[in-house]
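Reviewing the structure listed below.
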Amino acid sequence: MNLSRRGFLKYATASGLGIGLGATRIAKLYAGASAASRPLSVVGNRLGIPPTFSGETMVAAVGTQTVWPGSSSDVWTFGGSYPAPTIRAKHGEEFRVRLVNNLLEPTNIHWHGLTVPAAMDGYPRDVAGPGGTFEYAFTVAQRAGTYWYHPHPDMRTGPQVYMGMAGFLIVEDDEERALDLPGGNFDIPLMLQDRRLTPERTLAYDLRDEDHLEGYLGDVMLANGMPDAYLDVEAGLYRFRILNGSNSRVLDLALSDASPMLLIGTDGGLLDRPYEVGYIYLAPAERVDVLIDFSRFAIGQTVTLKSLAFSGGSGRVQGTEMSVIRFDVARPASSQRTVPAVLATYERLDPVSAVRTRKFTLRIDHTSTPEGHTINDLKFDMARIDERVEAGTTEIWVFENVSFLHHPMHIHGVQFQVLKRSLTPKLEPRDLGWKDTVYVRPYEVVEVLVRFPESPGVFLVHCHNLEHEDHGMMLNFEITAGSSGVSGGSAVLPERMKLE
Ligand code: C2O
Ligand code: CU
Ligand code: CU
């Protein structure tokens, strides 16, 4: 276990927080915490679990829901709830759903992390207009893992996700089932999103000029749409599928007693074995699967999952300490479970197989007001193909961050593997396995190995800070069946786009 990180040690010594304390003392301790972290109320709100999706229709509509107790807020929903219903799918199955758009603006669904044909990927041009529909049908080709879905309309992803449109898409397969990991009530999806508490206690997306730089950061963490969330747990083993569904907030997750968690999976499914970790950086759109063993706590004890303070880069409000969810150890374990020593086998991509290296420079665009963000000095243009790659080949993609901002870089249509980072000599467990989003820290250079699927089409590479994305930090790449792989070629539109 690596506990040598500065922030973690700093936290650990100031610690003792939360463990074995009565509820009233906890409230006091949190009241004295840094200004940006909200006092955890004595009681809190019992964690809600999103409903499971069933049926063939997913309706996008505005609804009303209590986000902050005592008031109700407009929320924008898929399937009538915030968070959106959890879709459960099996590897290899045919998935179909009809999106019905009852919003007053275009929307669509992007299946984040899934490799689907380009026309099914929720490309910003492929939307359902107000009152319209869009039919999705594809084969679930992914390994078991924690994926998610959200809208991806041109320049409106940030507000639609912020107002509530995001849900889990959990894929199951035989390999994972055979491991007998904690399931049912012991397999908890946790969608973490920071939100701004307005005076009216509502959700409101009110982007100001100053938000364009760092993104729309909130001051309260919601877990499955709830502030001050708590969960009664048994003194046993739980699996948490954690999604950072924030628009722009980077998390550094750790338990308040500084005890380790077992990391078993990342974006694209299970790792080869469990890894003991003291903290987990989780940037927007990334997921981790962790096991937490509450058997080391006595009944009546409490432990809190938090995001630790960290520094580096912009640091105005990014990197503030926040409480995420409190676990109240309420009763003895109802069954004994052991952690499998070996999890899954997966292919490791070999850098030697890469046919070329492409560089993506991430920069602040100081020429625009408010300031924006560019990739290779370009802003998104739907009609321009920025990179062409050859189907079935492997490449090294280099994300070079020359700014002081945090950029979670996401590639559509693929799962990739992280090769190296300039700021860390050795990859941390959170970088292992198959990934679709990689956290690029301020001034960091991160290399990933990407193998492109056989099916051609236009896909996106973008920053998953949704304000960065909406304001242009996104490029088109085309997977071609041909043999050229020419970069930065002229803007020849593929057939699908010419039809417009
Ligand atoms: Cu999660 Cu292009 O998105
Ligand atoms: Cu995606
Ligand atoms: Cu960014």
Looking at the chain, send over the antiparallel percent of its DSSP beta bridges, to the nearest 5.
70 percent
Rg and Dmax of the chain over Cα atoms: what are they, in angstrom?
21.7, 67
Taking H placed 1.01 Å from N in the peptide plane, check which residues at least 5 places from residue 188 or on another chain put their amide H under 5 Å from its amide H.
239, 240, 241
If each K or R counts +1 and each D or E counts -1, the residues other than residue 402 whose Cβ falls under 15 Å of its Cβ total -2
Neighbourhood net charge (11 Å Cβ-Cβ; Lys/Arg +1, Asp/Glu -1) for residue 440
-1
Just want the ordering: 205, 281, from fewest to most Cβ atoms lying within 10 Å of their own Cβ.
205, 281
Using the beta-carbon distance between residue 135 and residue 391 and R0 = 35 Å, what value does 1/(1 + (r/R0)^6) give for FRET efficiency, to the nearest 0.05?
0.90
Over all Cα pairs of region 363-419, how is the pair count split among 5 Å bins, expressed in % and running from 0 up to the last occupied bin?
4, 12, 22, 24, 21, 10, 6, 2, 0
Highest mean first, what order results for 416-426, 148-158, 379-389, 242-252 on Cβ atoms within 10 Å?
242-252, 148-158, 379-389, 416-426
Read phi for every residue in region 409-422 and hand back ³J(HN,Hα) as whole Hz from Karplus 6.51 cos²θ - 1.76 cosθ + 1.60, θ = phi - 60°, with x for Gly and Pro.
8, 10, 10, 6, x, 9, 10, 10, 10, 6, 9, 7, 10, 6
With unit charges on the beta carbons (Lys and Arg positive, Asp and Glu negative) and the dipole taken about the Cα centre of the chain, which residue among 89, 58, 402 sits farthest to the positive side?
402
Non-local residues with an amide H under 5 Å from the amide H of residue 229, with H modelled 1.01 Å from N and Pro and chain starts lacking one, are 45, 223, 326
Which peptide among 403-415, 84-96 comes first, and what is the full order, when sorted by highest mean count of other Cβ atoms within 10 Å?
403-415, 84-96
Where a label projected 7 Å from the Cα of residue 427 along Cα→Cβ would reach, residues of region 442-460 with amide N under 13 Å
446-451
Hz values of 3J(HN,Hα) by residue in region 138-144 - Karplus curve (6.51, -1.76, 1.60), Gly and Pro given as x:
7, 8, 7, 8, 7, 5, 4
Report the charge-dipole magnitude of the chain in Debye, nearest 20, computed about the Cα centre from +1 at each Lys and Arg Cβ and -1 at each Asp and Glu Cβ.
1260 debye
Roughly what would the spin-label model give for residue 276 and residue 311, points 7 Å off Cα along C-beta, in nm?
3.0 nm
Calculate one ³J(HN,Hα) per residue across region 175-192 by plugging θ = phi - 60° into the Karplus curve 6.51 cos²θ - 1.76 cosθ + 1.60, and present them in order as whole Hz with x for glycine and proline.
4, 6, 4, 5, 7, 6, 6, x, x, x, 6, 9, 10, 10, x, 10, 9, 9
The long-range amide H neighbours of residue 220, using H built 1.01 Å from N in the peptide plane and a cut-off of under 5 Å, are 195, 197
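Bear in mind these aren't lab numbers, they're just calculated from the coordinates by the rules spelled out. If you're wondering where the values come from, they're calculated on a predicted model, not measured in any experiment. In this analysis, Cβ positions are derived from the backbone assuming ideal geometry, glycine residues included, and neighbour counts consider all displayed protein chains.
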